[in-house]
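The values are calculated or read from the model by the stated rules, or taken from the named source; none is laboratory data. Bear in mind the structure is a predicted one, so any value in this text is a computation, not a measurement. Neighbour counts are summed over all protein chains in view; Cβ atoms, including those assigned to glycine, are modelled from backbone coordinates with ideal geometry. We work out accessible area using only protein heavy atoms, side chains counted, and drop any ligands, DNA or RNA first. Shrake-Rupley method; radii C 1.70, N 1.55, O 1.52, S 1.80 Å.
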Amino acid sequence: ESAPKPVKDTGNILKQGYLEKRSREHSFFGSEWQKRWCVLNRKTFYYYANEKSKQPKGTFSIEHYSARLAFHLRKDSRKRCCFELTCPGKRTYE
């Protein structure tokens, strides 16, 4: 994969804003939700520590990914906003 690009260089931004993503690491209390600044363009999903970050914490091609609602991910009032990005054979983003 190519090196992650700063947000200003991603081009053709469709949506951007804060989301919470579930971490892959599990603590004593279970998985933790992390607030991240997210940017979506036609081909790539980027996530940053915050909107002022120059380099993303992660990036992946959205080709072959699909989104679906996932109310089961949380038990609080935010459960109606939960979704998963899935792709066979690749990491699922919650």
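Scanning the stretch 78-91 for residues that are within 15 Å of Ser23 (Cβ to Cβ) and either loosely packed, with under 13 Cβ neighbours inside 10 Å or among the basic types (Lys, Arg) (or both) yields a count of 1.
Considering the stretch 60-77, and only residues there that are open to solvent by less than 40 Å² (accessible area, probe 1.4 Å) and touching a Phe, Trp or Tyr at 6+ places or on another chain (Cβ under 7 Å), the residue that is nearest to Ile13 (Cα to Cα) turns out to be Phe60. Entry remark, the stretch 8-30: residues being open to solvent by less than 40 Å² (accessible area, probe 1.4 Å) and either at pLDDT 75 or above or within 14 Å of Leu73 (Cα to Cα) (or both) number 4 in total. Being surrounded by 13 or more Cβ atoms within 10 Å (Cβ to Cβ) and either among the basic types (Lys, Arg) or at pLDDT below 90 (or both): is that true of Trp33 here? Yes. Taking strands (runs of 3 or more DSSP E) as the structural unit, those lying wholly within the stretch 19-94 and holding at least 1 residues that are free of Cβ contacts under 8 Å to residues at least 12 places away in the same chain correspond to 30-41.
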